[in-house]
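Asks: Below: one structure in structure tokens.
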Amino acid sequence: MKSRAEIKKKRIKPYFILILVPIVGIMCISLIMIMSNTDSNRVQEAADTFIQILEEKKYDKLGEALEKESYDSIGYTLDEVKNKYNQIFNGINIHDIHASNIELKKIDNGEQELTYQLSFTTPLGRVEKINYHAKLIKTDNHYLVKWKPSLIFPQMEGKDKVAFHEWKAERGVIKDRSGNGLAANEQFKEAGIVPKDLLQGNEKAKRLKNISQQLDIPKDEIQKKLNQGWVKDDLFVPLKIIASNKAEIIPGVSYQNTNMRYYPLKEAAAHLIGYIGKVTKEDIDKNSELKEGDMIGKAGLERAFDKELRGKDGGEIVIVDENDEIKQKIQRIEKIDGKDIKLTIDSYIQREAYNHLKEKPGSTVVMNPKEGGLYAVVSSPSYDPNKMVRGISQKEYDKYAKDENKPFLSRFALAYAPGSTFKTITASIGLDANVTYPDKLRTINGLSWKKDESWGGYSVTRVSDVQNVDMRKALIYSDNIYFAQEALEMGEKTFRNGLNKFIFGEELDLPIAMNPAQISNQKKFNSDILLADTGYGQGELLISPIQQAAMYSIFQNEGKIVYPRLLDDKTVLKTKAAITPSTANEMKKFLEAVVSDPNGTAHLLYNQQHQLAAKTGTAELKMQQGEKGEENSFLLAFDTGNDQFLLLSFIEHYSKGSSATQLNKSFIDELYGYF
């Protein structure tokens, strides 16, 4: 007979089972859920690792993400897979890789499907959202990507490769008004050495010495190029660019054809046209469209119009099979050649204007006074822009940089006190304001004058002691005292109102960087001395040669300023009324007399066959009253017969025999003959 305890125990057992079963079930479900979550995390981690490797281009870590059997079975080693990614994505410079729409889908317990889209930037531009499919295989309790070539680019298989064909845009040509090249693309020869052609021993030394002499390159510079890390025995090592007709046979030297920028006018147009050069890291940082190896404008119009001239490179990225047959295009962009730029510049006038300056520091601007077109914009001394393109040596660059006459300065865009040529504007304002009239006489005694004792030790000086001076004589003799008195009689308000009708303070619509012309440092003169000095072209006046030429166009245009142009694009002529037509015509007669009168400061230019008006000028640079300072020499000259040209030329710190008038005499005769 069972005890009560045994009977009680027996009765409890079913209840215990009923309680235990749910607990075990819950534990099993929990375990399954934990295992499932762990598995899901491993899948996600594997997907994230692979995507991160692709986005960050860390191909050396592919071994951690790829299943070995997958690439082994199709004839690849891990190193070959890594190299393939490197050669394609780094070799073509594919960057900014971004994955999106990443999804995971379970296929079975040991396999998951990964889908995603990749967007990236190539040298041809942005490629958006290419679709990819990959499988994740469970191996040793974690997941790896089952690799195949289509994970580089869809449609790739086997030993397919990716090829990049680049089509370089041809840079647009800068032309003069007749279509002659000012910046052209020409064929040159690149001289270089294939090291094995130097032979060995004494013969090698002999050849290197001969190459150094023939190409005018220091032997140690040649050796330095031959010692570069990439150089191999059978690779061409470039040394120097030379003209095609200068490519002579030199033992050990080879030649390759190369297309380069060429500047036919050389020094004569260097500051205006500028030159191109290879992009720097700073250039690329500023402009994401640029890439290493690109050539861009570095100075002058080449820089100002770089985007238009450069165009846009094109090319294609394609999948090719083992026989280099194209299977599929990944990206294709047609190249767009740069646009040609046509200028108002005349090559002949530009060259002759430069030559007549005889390398003296200065500038000459020649303008079409009726249409505003600039025939010549010259700065001297200069440099050869072709050396910049071909690769200037340090020795040549230092020679330019250390030249006290500063050949890199674009003097046509720099501001100077205009000197006595500006008296023409002071006279015009006085006539229009009815403060003066042509026959009005001023009695002036001696070579110096001051308003009163309030000027202290300061006085205005002149060159010729002419007692009774009217406006005609004042211009012929270039009388500083006369025009100082004119400005004082007008007063600041009237004089400034007249000056404000010109282009002071205006930005000219030209692709040349220059500060606006200024009347004075402050909005008011604040002294009679400054007002008087401004009247004869000194004081704080600052006007560039281009701005001066524009201002003086009033005398050939019935009192209107014709704004200067550089682009021969048939744009609407821009003008601005500055003085009255009657004053402009009156002044033109006076300036003709400056040439025709034997006492005229520009009489040297007189030629009875020509109708020429002119005004010479000097601007003295001195630290204090009474001392003799260096002088800038100016010349304004224009054709009054057919209004074919206006010339503004100046020489810095000129010496006897090299004034702007003396240097340009024969040039003006040439201009008449040319037109």
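Laboratory data are not the source of any read-out in this text; all were calculated from the coordinates shown. Predicted model only: the values in this text are computed from it and were never measured. For neighbour counting, all protein chains shown are included, and Cβ atoms are generated from backbone atoms with ideal geometry for every residue, glycine included.
Asks: Cα convex hull of the stretch 27-185: mean projected area in nm², to one decimal?
Replies: For the stretch 27-185, averaging the hull's shadow over all directions gives 12.8 nm².
Asks: Just to confirm the number: angle between the C-alpha axis of helix 201-215 and the first principal axis of the chain, 0 to 90 degrees, nearest 10?
Replies: On a 0 to 90 degree scale, this one is about 40.
Asks: With each pseudo-label sitting 7 Å past Cα toward Cβ, what's the Leu78-Gln117 distance in nm, one decimal?
Replies: 3.4 nm
Asks: What full-extension length gain, to one decimal in nm, is calculated for Asp509 and Asn90 as 0.36 nm per residue of separation minus the Cα-Cα distance? Could you put the intermediate results ahead of the total?
Replies: Details: separation 419, 0.36 × 419 = 150.84 nm, distance 4.41 nm.
Working it through step by step, the gained length comes to 146.4 nm.
Asks: In debye, nearest 20, what is the charge dipole magnitude of the stretch 434-480 about its Cα centre with +1 on Lys and Arg Cβ and -1 on Asp and Glu Cβ, if you could check?
Replies: Numbers: 7 positive and 6 negative charges, 20 e Å.
That gives a dipole near 100 debye.
Asks: Another question, then. Which option, (i) 161, 83, 45; (ii) 130, 72, 48; (iii) 75, 71, 48, is the value of Cα extents along the principal axes in Å that was calculated from these coordinates?
Replies: (i)
Asks: Report ³J(HN,Hα) in whole Hz for each residue of the stretch 648-657, in order, from the Karplus equation J = 6.51 cos²θ - 1.76 cosθ + 1.60 where θ = phi - 60°; Gly and Pro get x.
Replies: Residue by residue, the stretch 648-657 yields 10, 9, 8, 10, 6, 6, 5, 10, 4, x Hz.
Asks: While we're on this one: What are the extents of the Cα atoms of the stretch 347-674 along their three principal axes, listed from largest to smallest and rounded to whole Å?
Replies: The Cα atoms of the stretch 347-674 stretch 62, 42, 39 Å along their principal axes.
Asks: Here is a follow-up. What is the order of Glu170, Glu56, fewest Cβ neighbours within 10 Å to most? Please list the in-between numbers first.
Replies: Working: Glu170 15, Glu56 10.
Going from sparsest to densest Cβ surroundings: Glu56, Glu170.
Asks: Would you mind checking the stretch 387-427 for residues with the amide N under 20 Å from a putative spin-label position 7 Å along Cα→C-beta of Gln223?
Replies: Those under the cut-off are 394-395.
Asks: Which distance in nm do the two modelled labels at Arg126 and Asp234 give, with both placed 7 Å along the Cα-to-Cβ direction?
Replies: 4.4 nm
Asks: Something else about it: Would you mind checking which residues have amide H under 5 Å from Gly373's amide H? H placed 1.01 Å from N; only 5 or more apart, or other chain.
Replies: Asn368, Arg565
Asks: Could you tell me the calculated FRET efficiency between Glu630 and Gln467, based on Cβ-Cβ distance and R0 = 30 angstrom, to the nearest 0.05? Numbers along the way, then the final one.
Replies: Numbers: r = 30 Å, r/R0 = 1.01.
Once the sixth-power term is evaluated, E becomes 0.50.
Asks: Another question about this same structure. Please sort 424-437, 81-94, 353-366 by packing, taking for each peptide the average over its residues of neighbouring beta carbons within 10 angstrom, highest first. Don't skip to the answer; put the middle values down first.
Replies: Numbers: 424-437: 20.8, 81-94: 16.4, 353-366: 23.1.
Most protected by this proxy first, the peptides run 353-366, 424-437, 81-94.
Asks: Which value, in debye to the nearest 20, describes the size of the charge dipole of the stretch 187-263 about its Cα centre when Lys and Arg Cβ atoms bear +1, Asp and Glu Cβ atoms bear -1, and nothing else is charged?
Replies: Details: 13 positive and 9 negative charges, 20 e Å.
Value, rounded to 20: 100 debye.
Asks: Taking the alpha-carbon set of the stretch 395-540, what are its Rg and Dmax in Å?
Replies: When restricted to the Cα atoms of the stretch 395-540, Rg and Dmax are 18.2, 61 Å.
Asks: May I ask you to compute the full-extension gain from Gln214 to Val320, defined as 0.36 nm times their residue separation minus their alpha-carbon distance, rounded to one decimal in nm? The partial results should precede the final answer.
Replies: Details: separation 106, 0.36 × 106 = 38.16 nm, distance 4.54 nm.
Contour length minus Cα-Cα distance gives 33.6 nm.
Asks: Exposure proxy check: Phe504, Phe50, Phe525 ranked by fewest other beta carbons within 10 Å?
Replies: Details: Phe504 18, Phe50 25, Phe525 21.
Going from least to most buried by this count: Phe504, Phe525, Phe50.
Asks: HN-Hα J couplings of the stretch 59-69 from phi, Karplus 6.51/-1.76/1.60, θ = phi - 60°, integer Hz, Gly and Pro as x?
Replies: Ordered by residue, 3J(HN,Hα) equals 5, 5, 9, 4, x, 7, 10, 9, 6, 4, 4 Hz.
Asks: Using a 7 Å offset from the Cα along the Cα-to-Cβ direction at both Glu55 and Ser658, what is the distance between the two label points in nm, to one decimal?
Replies: That separation, rounded to one decimal, is 6.6 nm.
Asks: Provide the FRET efficiency to the nearest 0.05 for the Ile336-Lys159 pair, computing r from the beta carbons and using R0 = 35 Å. Provide the component values of the computation, followed by the final result.
Replies: Values: r = 35 Å, r/R0 = 1.00.
For R0 = 35 Å, the calculated efficiency reads 0.50.
Asks: Rounded to the nearest 0.05, what FRET efficiency do Val572 and Lys523 have when you use their Cβ-Cβ distance and R0 = 35 Å? All intermediate terms of the calculation are to be shown ahead of the outcome.
Replies: Details: r = 32 Å, r/R0 = 0.92.
Step by step, r from the Cβ atoms, then E = 0.60.
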